[in-house]
1. When the Karplus curve 6.51 cos²θ - 1.76 cosθ + 1.60 is applied with θ = phi - 60°, which whole-Hz ³J(HN,Hα) does each residue of region 238-255 get, with x for Gly and Pro?
2. Where a ≥ b ≥ c are the square roots of the eigenvalues of the C-alpha gyration tensor, would you call region 31-89 rounded, which needs a/c under 1.5, or, failing that, prolate if a/b is larger than b/c, or oblate?
3. Using a 1.4 angstrom probe on heavy atoms only, work out the carbon and sulfur share of the accessible area of region 26-112 in %.
4. Using a 1.4 Å probe, what is the accessible area per residue for region 101-248, in Å²?
5. By per-residue mean of other Cβ atoms within 10 Å, what is the highest-first order of 208-215, 81-88?
6. To the nearest 20 debye, what charge dipole does region 162-283 have about its Cα centre, counting +1 at the Cβ of each Lys and Arg and -1 at the Cβ of each Asp and Glu?
7. Ignoring ligands, DNA and RNA, what percent of the accessible area of region 130-282 is carbon or sulfur (1.4 Å)?
8. When a/c is below 1.5 the answer is rounded, else prolate if a/b is larger than b/c, else oblate, so apply that to region 79-230 with a ≥ b ≥ c taken from the square roots of the Cα gyration tensor eigenvalues.
Amino acid sequence: MSIQQLLLCLSLGVACVSAKPTEKKDRVHHEAQLSDKVHDDAQSFDYDHDAFLGADEAKTFDQLTPEESKERLGVIVDKIDTDKDGFVTEGELKAWIKKAQKKYVYDSVERQWQEFDLNQDGFISWDEYRNVTYGTYLDDPDPDDGFNYKQMMVRDERRFKMADKDGDLTATKEEFTAFLHPEEYDYMKDIVVQETMEDIDKNGDGFIDLEEYIGDMYSHDGDTDEPEWVKTEREQFVEFRDKNRDGKMDKEETKDWILPSDYDHAEAEARHLVYESDQNKDGKLTKEEIVDKYDLFVGSQATDFGEALVRHDEF
């Protein structure tokens, strides 16, 4: 897949792989993703590692011995303890987790920046983005890959202009971040809702009815019986999504669905880490309590079983 196709998929939410008929599509945004791992401490702490460190940093810790992990974790604890009182509170831990996840977003933007800033002036104009992303495709009026690039470009331009606060059609790095990750910015959330509704609202009436809602995440594809999770989603739509019980979701109901404001994943993860590590149950963590539970925060099963000790590549 080319960089242009990849960016189209990332910014427009286009499905880049063939989904299985029973594969559920998740439209819900939770700020920066804490992890794509399952949160199941009975099996592993992979989710906690990604949430606490960020996915990329968590991979580097997988190469460390337990002793090295504990040493580096101690350094991190000093950074988390912002008021330097010798304790890590739930609030400090929440702030750290949010910072780690924001770094994921900014790192992804940084990796793409040079691709689009063609004249190296520290800004990305709409023309630069359009030429890099769509230039080779707009010459072909009938592409064979199923994408309508002219329509996608119009939609991208609308989002670019929304992100461009001063209206000069030139994006700063922050504005470009808002363009690529609109769910991270309050002033961009309406465009996230609008694009989602356009994707799902097949009859173009400005609402999402039950069958459109189900059809977005599930295709019968000849199946006679729906999976159990599809039946559950039908119940969710009736009981929770369609708040005014008119049989369809309007803009506000769609926003409540895809951009929930009543649950903070970073806060929940911080509460979980404190609960699991707070040995004296005083509601805050010492460095010793955190390092004692290093496997929860940064340790890997591989190093626990001593595999890192017999590897020679890190020495």
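The values are calculated or read from the model by the stated rules, or taken from the named source; none is laboratory data. Computed from a predicted structure; not experimentally measured. For neighbour counting, all protein chains shown are included, and Cβ atoms are generated from backbone atoms with ideal geometry for every residue, glycine included. For accessibility, only protein heavy atoms count, side chains too; no ligands or nucleic acids. Shrake-Rupley method; radii C 1.70, N 1.55, O 1.52, S 1.80 Å.
1. After applying 6.51 cos²θ - 1.76 cosθ + 1.60, I find 5, 7, 10, 6, 7, 5, 8, 6, 9, x, 7, 9, 8, 4, 5, 5, 5, 4 Hz.
2. oblate
3. Ligands and nucleic acids excluded, carbon and sulfur reach 51 percent.
4. On a per-residue basis, region 101-248 sits at 55 Å².
5. With the highest mean Cβ count within 10 Å placed first, the list reads 208-215, 81-88.
6. Rounded to the nearest 20 debye, it is 240 debye.
7. 47 percent
8. oblate
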